[in-house]
Number of protein chains: 2
Amino acid sequence: MKILNLLVGGPIDLWPDKLKNGQVKGDWIGIDRGNLHLIDKGIDPLVAIGDFDSLKPEELQLVRSHIKDIRQSIPEKDDTDTQLGLKVALQEHHADRLDIYGATGGRLDHFLANLWMVLEPRFTPFAPKIRMIDKQNTITFFLPGEYQITKEPDKKYLAFVALTPMEHLTLYDEKYKLDDYHVKYPMSLASNEFVGNTAKFKFGSGVMCVIQSKDIDRFN
Amino acid sequence: MKILNLLVGGPIDLWPDKLKNGQVKGDWIGIDRGNLHLIDKGIDPLVAIGDFDSLKPEELQLVRSHIKDIRQSIPEKDDTDTQLGLKVALQEHHADRLDIYGATGGRLDHFLANLWMVLEPRFTPFAPKIRMIDKQNTITFFLPGEYQITKEPDKKYLAFVALTPMEHLTLYDEKYKLDDYHVKYPMSLASNEFVGNTAKFKFGSGVMCVIQSKDIDRFN
């Protein structure tokens, strides 16, 4: 299985510990300044994408000396750097799984743009390969079908987040069940939980986002 | 104009400074432990909502001594505490504006549930009264029509976030314009900007979320 990781520009304090410690396996694609962070952790990305406008000349030199495949993007272009990252990872490098870090938090227009990329017809077929990971959330995506998913050991909560209207949603064995429910508008069925180590669900149309999460410092 | 504020349970480090400093005007509704934070800032909420299960006896006593109208919610109920807060603020107290703090960040299933409350038919008519505010984003909502909005002095970016499909979206005078665009699926048109102090837009169907935002500590 070919795992690629993509680092985009969200707040560093939301990175999971394994990224902070440089312990994420697989090859990397870095967006803009993220490439400096990866190089700093001893990781040379396969591909660097960005306009690099905010980098000092010596920083840009460092990027050039560590990364062979640099794609200079044009600001005010049609695709964002993150969309370019998806294209490179999924269409060029044929990743079996793409884990995206730095996609959450900070500016919410960015987070929502990241979350909704899977609704673009060009990316929808790849949705099941994509995860977005931060220190308290793991976001995965599903196309219509029946699935059994496994609990992440450190996560307590399970949310079924319908990104679109959705027919025939059934939650078989979760703490809160549903039977053939018709989702009429986007809806976050939050704070559900696993009963045991797996959860089974199905749905007939639309795009489902499943979030496993945990509380951190919720009101210190 | 009757302004109400609602404090829900998101991370404190995302509160805007004026909330940290206790300088937000208007009456408050507090959710669960948020009431302790408000009391700590010298604010006695009009209404406290929550199951209060996580409060120590002396904390619950403090809440009872400062707040007359306490609504004990039942966990595993149909409405979340935040939904109850909206009902109390908008339907009982007839707020002309409801500013929600603590609605962003942390667990993303919670944030998305908060963001999408305006898609529930019972809350949609109130959408234009609702704002969600954190230290780098101000979220507002619009129903079909033509609008002119004003730039917040400290914000650089302007995003048009279509929560639903949408017809006839026109951005008249922003940095990136659109003419009679058909939004086919939810989409965050991020990183647009004001040209001057106001921006004019219109759309014919669906629910629009407008986010003014700024970068903070984006890659320190």
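The values are calculated or read from the model by the stated rules, or taken from the named source; none is laboratory data. Nothing here was measured: the structure is a model prediction, and the numbers come from that model. Cβ atoms come from the backbone with ideal geometry, glycine included; neighbour counts cover every protein chain shown.
Brief remarks on what is shown
- Selection status of A:Leu158, within 9 Å of chain B (Cβ to nearest Cβ) and touching a Lys or Arg at 6+ places or on another chain (Cβ under 9 Å): yes
- Residue-level check: of (1) over 30 Å from A:Lys25 (Cβ atoms); (2) in contact with a helix residue (DSSP H, G or I) (Cβ under 6 Å, 6 or more places away or on another chain); (3) surrounded by 21 or more Cβ atoms within 10 Å (Cβ to Cβ), A:Ala162 misses just (2).
- Criterion (more than 19 Å from A:Asp69 (Cβ to Cβ), within 16 Å of the chain's Cα centre (by Cα), hydrophobic (A, V, I, L, M, F, W, C) and not in a loop (DSSP other than H, G, I, E, B)) met by exactly one of A:Leu6, A:Leu19: A:Leu19
- Among the residues of the stretch B:17-37, those that are within 14 Å of another protein chain (Cβ to nearest Cβ) and within 25 Å of B:Asp154 (Cα to Cα) comprise B:Leu19, B:Lys20.
- When we screen B:Asp69, B:Asp44 for residues that are in the same structural domain as B:Gln83 (by TED's automatic domain parsing), under 24 Å from B:His94 (Cα atoms), in contact with a strand residue (DSSP E or B) (Cβ under 7 Å, 6 or more places away or on another chain) and of a type in the set (Asp, Glu), the only hit is B:Asp69.
- Checked against (1) at positive phi; (2) within 14 Å of chain B (Cβ to nearest Cβ), A:His94 meets all criteria but (2).
- Leading residue by the ranking (surrounded by the most Cβ atoms within 10 Å (Cβ to Cβ)) among those in the stretch B:179-210 that are in a strand (DSSP E or B) and on the phi > 0 side of the Ramachandran plot: B:Ser191
- Leading residue by the ranking (farthest from the other protein chains (Cβ to nearest Cβ)) among those in the stretch A:164-216 that are within 19 Å of B:Leu112 (Cα to Cα) and among the acidic types (Asp, Glu): A:Glu193
- The one condition in (1) at pLDDT 95 or above; (2) in contact with a Pro (Cβ under 7 Å, 6 or more places away or on another chain); (3) small (Gly, Ala, Ser) that A:Gly105 fails to fulfil: (1)
- Being under 19 Å from B:Lys2 (Cα atoms) and of a type in the set (S, T, N, Q) holds for only one residue in B:Gln91, B:Gln72, and it is B:Gln91.
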